[in-house]
Structures are given as structure tokens and as C-alpha cells.
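Asker: I have a structure here, written as C-alpha cells, and I will follow up with some questions on it.
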Amino acid sequence: MTRLAEDMIFQFLSTNGDGTGDINAIGDYSSVQGEFYISPPSGQPVRWWKINGYKIYRMLVFIQAIGPLSADQYGNLKSLQNGIKAVVKDDSDNEILDLTAGQPVKTNAQWAQHCYDSSLSGYGSGNEFVQARWTFEKSGNPILLKEGYRLSVLIDDDLTETISHTFVVQGERL
């Protein structure tokens with residue numbers, strides 16, 4: 001089905017959920033959890049045949065660090081102590097779906113454990129990067145977020161030595 005351009009979503013997960021907050025997850029989240037998310041805006045006009053929400057088809061993960069990088073590191077850091085979780089939360093802030101199935105991502109290689117499409121890249125000089133493509137619809141369905149719900153990446157480690165660390169989602173408005 002063809003979609004109108006204004007119904008398509010290409011947005012970074014951010015600290016405020018609408019893409020205008022901080023999008024680069026390179027802080028120290030060891031004492032205060034970092035949450036980067038997307039959430040449909042509230043109060044949008046709703047057509048009788050639609051709900052106010054988003055369908056999220058894919059999330060692209062990007063980690064850039066000073067290389068060389070390896071499978072048992074996170075970026076160029078040693079393995080993370082707590083790891084990174086991807087979850088869906090409801091309008092009461094309850095985790096209703098743990099996309100990482102109780103196994104937070106603690107190393108570069110573990111992104112492939114959850115989303116399969118993952119690789120380490122470099123250009124022969126300069127920084128190296130890890131990229132992962134998590135296509136949710138390949139598991140059967142895209143992630144449906146109704147008003148008040150959000151897709152969140154939760155971080156409980158110090159990532160200040162990482163150069164860039166972002167999550168961008170692709171989907172459509174309902």
C-alpha cells in the first residue's frame with residue numbers, strides 16, 4: 001500500500017520522544033538511567049477508522065568509537081556491566097514487551113543476537129563503527145505504538161568514551 005510522505009516516520013530516538021531532545025547516547029548513565037524513545041504525540045485528531053499511533057518497522061543502531069573494535073567490547077569499551085535493553089512501555093510506564101528477552105546487549109556482537117543484521121565497519125583509517133538493523137516486522141509484525149505508549153532503549157552504563165551512539169526508527173503514522 002502506498003503511503004503519503006507525511007505519514008512516514010524517520011526519527012531518532014531521543015530523550016523527549018519526539019526527536020528534538022538529545023539523540024546521542026554517549027553520557028554516563030551508570031547512576032541515572034538513560035532512556036531514548038519515540039512516542040506518538042497526544043491529542044492528535046483521530047479519524048474514525050484510525051487510532052492515534054505509530055507502526056515501527058525498523059530500528060537502526062549506530063555506534064562509533066576509536067578503533068580497532070572487537071566483538072567482545074561495546075564500541076571500544078570493555079563489555080558493559082548492565083547492558084542496553086529495548087522495551088515497549090505503556091502509558092503507565094510499565095514495560096509490556098522486552099525486545100531483548102531478558103538479555104541486555106553488553107557487547108558489539110550481541111546486537112546480532114537480537115536483530116541478526118549487524119556488522120563492524122571501518123574505512124581503513126579513522127574511527128570504526130558498529131551498525132545493526134533490527135527489522136521488527138521480520139518477527140511477524142511491526143511494533144504498534146498507540147497514544148501514550150513508547151519504544152524505548154534503556155541504558156545503565158557509562159558510555160562517555162563513545163563518539164556517537166544513536167538509534168533511528170522507520171515506520172508510519174496510523
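Asker: Given the criterion free of Cβ contacts under 8 Å to residues at least 60 places away in the same chain, closer than 18 Å to Arg173 by Cβ and in contact with a Gly (Cβ under 7 Å, 6 or more places away or on another chain), identify the matching residue among Ser39, Ser14. Can you show your working first?
Answerer: Working: Ser39 fails: free of Cβ contacts under 8 Å to residues at least 60 places away in the same chain.
Checking each option against the conditions leaves just Ser14.
Asker: Could you list, in sequence order, the residues of the stretch 1-32 that are part of a strand (DSSP E or B) and farther than 19 Å from Val88 by Cα? Spell out the reasoning first.
Answerer: Initial filter on the stretch 1-32 (part of a strand (DSSP E or B)): 8-12, 14, 28.
Of everything in the stretch 1-32, those that are part of a strand (DSSP E or B) and farther than 19 Å from Val88 by Cα turn out to be Met8, Asp28.
Conditions (1) under 16 Å from Asn24 (Cα atoms); (2) at pLDDT 95 or above, marked per residue:
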{"residue": "Met59", "(1), (2)": "yes, yes"}
{"residue": "Leu97", "(1), (2)": "no, yes"}
{"residue": "Pro104", "(1), (2)": "no, yes"}
{"residue": "Cys115", "(1), (2)": "no, no"}
{"residue": "Ser118", "(1), (2)": "no, no"}
{"residue": "Gly148", "(1), (2)": "no, no"}
{"residue": "Ser164", "(1), (2)": "yes, yes"}
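Asker: Another one. Of everything in the stretch 46-99, what is assigned to a loop (DSSP other than H, G, I, E, B) and of a type in the set (A, V, I, L, M, F, W, C)? Give them in sequence order. It would help to see each step written out before you state the result.
Answerer: Here is the first cut: in the stretch 46-99, the ones assigned to a loop (DSSP other than H, G, I, E, B) are 46-52, 66-72, 75-76, 79-83, 90-94, 99.
Correct list: Val46, Trp48, Trp49, Ile51, Ile66, Leu69, Ala71, Leu80, Leu99.
Here is a yes/no grid of residues against (1) under 30 Å from Asn52 (Cα atoms); (2) not in a helix (DSSP H, G or I):
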position	(1), (2)
Gln103	no, yes
Asn108	no, yes
His114	yes, no
Gly126	no, yes
Ala132	yes, yes
Glu137	yes, no
Asn141	yes, yes
Leu144	yes, yes
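Asker: Does Asn24 fit the bill of being touching a strand residue (DSSP E or B) at 6+ places or on another chain (Cβ under 8 Å) and either over 23 Å from Asn141 (Cα atoms) or of a type outside the set (Val, Ile, Thr) (or both)?
Answerer: Working: touching a strand residue (DSSP E or B) at 6+ places or on another chain (Cβ under 8 Å): yes; either over 23 Å from Asn141 (Cα atoms) or of a type outside the set (Val, Ile, Thr) (or both): yes.
Judged against the criteria, Asn24 is a match.
Asker: Using beta carbons and a limit of 7 Å, which pairs, at least six apart or on different chains, have the first residue in the stretch 76-91 and at pLDDT 95 or above and the second one of a type in the set (Lys, Arg)?
Answerer: If the second residue must be of a type in the set (Lys, Arg), the pairs left are Leu80/Lys106; Gly83/Lys106; Lys89/Arg150.
The values are calculated or read from the model by the stated rules, or taken from the named source; none is laboratory data. Keep in mind the model is a prediction, meaning the values are calculated, not measured. Cβ: placed from backbone, ideal geometry, glycine included. Neighbour counts: every protein chain shown.
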